[in-house]
Amino acid sequence: MTPFMRMRERIRNIIRTHEVIYIRVMHGILMLLSLAAVMREFPFATGLNHWWIVLVLSVLGAFMPLSAMAVVIFSFLLLNLFALSGQAAVALLVMLVFSYAFCAIYRAKRTYNISAFVVARMWSVPSVVPMQTALLGDGNEVVTIICGAVISFFLHEVHSNAGVLLDTEAAVSIVDFLRERVISNQLFYTYLIAMTAMFLVTYALRTRNMNHAWMIAVVGGVSVEFLIMLAGYLMQGVRTGISSLLFGNVFSLLVGVATNYFYRDLDYSRIEKVQFEDDEYYYYVTAVPKIQLAEEKKEVKMINRVLRESKKGRNK
């Protein structure tokens with residue numbers, strides 16, 4: 001494990017040294033992937049969907065915080081959705097207003113998870129959002145997971161049934177669409193339960209007092225979400241979504257393992273249990289030391305000095 005630990009420390013040091021550049025590059029890449037996914041799924045605003053516009057917004061996104069990036073992504077999405085159906089765009093706007101209101105009420109800080117959920121669903125990896133949020137966030141972030149799951153499922157159905165919304169002769173109202181495609185859809189509840197359960201299981205296991213809690217949380221969360229979604233697909237007779245489900249869960253598992261690798265550095269082989277007391281309580285403490293790597297000592301020899309010493313030895 002030592003070579004992997006040393007490689008991690010080198011990567012950490014590089015990121016610390018160039019932290020500002022690293023953040024800018026990551027934000028730019030996230031913005032590019034997000035806008036590209038929106039343009040691919042909802043290519044209806046022909047005057048807006050140009051790669052040069054996406055590249056300009058991505059460069060600007062590199063200098064934005066995540067919350068501002070979410071606003072840009074949803075604005076880009078709303079304009080494309082309005083070109084498809086004004087009613088669908090209004091429905092999405094109402095959902096966003098209620099979602100941000102719920103996040104404010106329950107004091108959820110990672111409101112950008114809602115946009116991340118939408119984009120992750122477009123890339124067929126929605127489970128990565130509850131996984132990462134449960135590992136790095138607090139319990140009240142479950143509100144962002146629920147809101148993101150609802151909006152992402154709605155947009156997925158809009159994308160899948162875009163032809164119905166474009167058909168002027170059908171004249172389908174958004175209320176009927178929501179009732180038939182979302183509220184009456186059993187997969188919607190399966191999806192919502194699976195994503196929420198993944199967050200809750202991962203967060204509960206991650207905060208437990210046990211060895212390798214983060215790795216157990218990652219495996220447990222992915223397993224629960226996979227089993228719930230697989231059961232939902234089989235019960236509804238939907239076979240087409242199983243391949244994307246496998247891909248999404250493998251991707252989430254790899255991301256969870258990578259997060260554990262970079263954020264946790266505990267040495268469970270040297271656990272110490274400490275007991276002490278004061279006037280009122282006994283204290284039982286389990287101390288898990290961090291992995292400490294000995295610094296590599298490099299010995300530098302001056303060639304001229306070695307040659308002089310060797311000459312003196314021969315002269316003697």
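Can you compute the modelled spin-label distance between ASN161 and ASP176, with each label point 7 Å from Cα toward Cβ, in nm?
Those two pseudo-labels are separated by 1.0 nm.
At a 1.4 Å probe radius, which order do GLU19, GLU41 fall into by accessible area, largest first?
Accessible-area ranking of GLU19, GLU41, largest first: GLU19, GLU41.
Could you state the accessible area per residue of region 23-158 in Å², with a 1.4 Å probe and every protein chain left in place?
Ligands and nucleic acids excluded, the result is 42 Å² per residue.
Using a 1.4 Å probe, how large is the accessible area of HIS50, given in Å² and rounded to the nearest 10?
70 Å²
Taking a ≥ b ≥ c as the square roots of the Cα gyration tensor eigenvalues, with a/c under 1.5 meaning rounded and otherwise prolate when a/b beats b/c, else oblate, which class fits region 1-95?
Prolate shape, in that a/c is at least 1.5 and a/b is the bigger ratio.
How far apart, in nm, are two points set 7 Å out from the Cα along the Cα-to-Cβ line at ILE183 and at LEU93?
2.2 nm
Treating only the Cβ of Lys, Arg, Asp and Glu as charged (+1, +1, -1, -1), what charge dipole size does region 159-228 show about its Cα centre? Round to the nearest 20 debye.
500 debye
Relative contact order for region 86-143: what percent, with Cα pairs under 8 Å and sequence separation of 6 or more?
34 percent
Using 0.36 nm times the number of residues separating TYR263 and ALA101, minus their current alpha carbon distance, what extension gain do you get?
55.2 nm
Going through region 145-215, which GluC sites (Glu not before Pro) have at most 10 other Cβ atoms within 10 Å and a DSSP loop state?
GLU169
Taking the mean number of other Cβ atoms within 10 Å as a proxy for protection, how do you rank 77-86, 147-156 from highest to lowest?
Descending mean neighbour count gives 147-156, 77-86.
Using heavy-atom solvent-accessible surface (probe 1.4 Å) with all chains present, what is the largest-first order of PHE226, PHE74?
PHE226, PHE74
What's the ranking of 22-29, 124-131, 251-258 by average number of surrounding C-beta atoms within 10 Å, highest first?
Descending mean neighbour count gives 124-131, 251-258, 22-29.
The values are calculated or read from the model by the stated rules, or taken from the named source; none is laboratory data. Remember, it's a predicted structure, so these values are computed and weren't measured experimentally. FYI the Cβ positions are ideal-geometry reconstructions off the backbone, even for glycines, and counts take in every protein chain you see. Quick note on the areas: whole protein, heavy atoms, side chains included, nothing else; ligands and nucleic acids left out. Shrake-Rupley method; radii C 1.70, N 1.55, O 1.52, S 1.80 Å.
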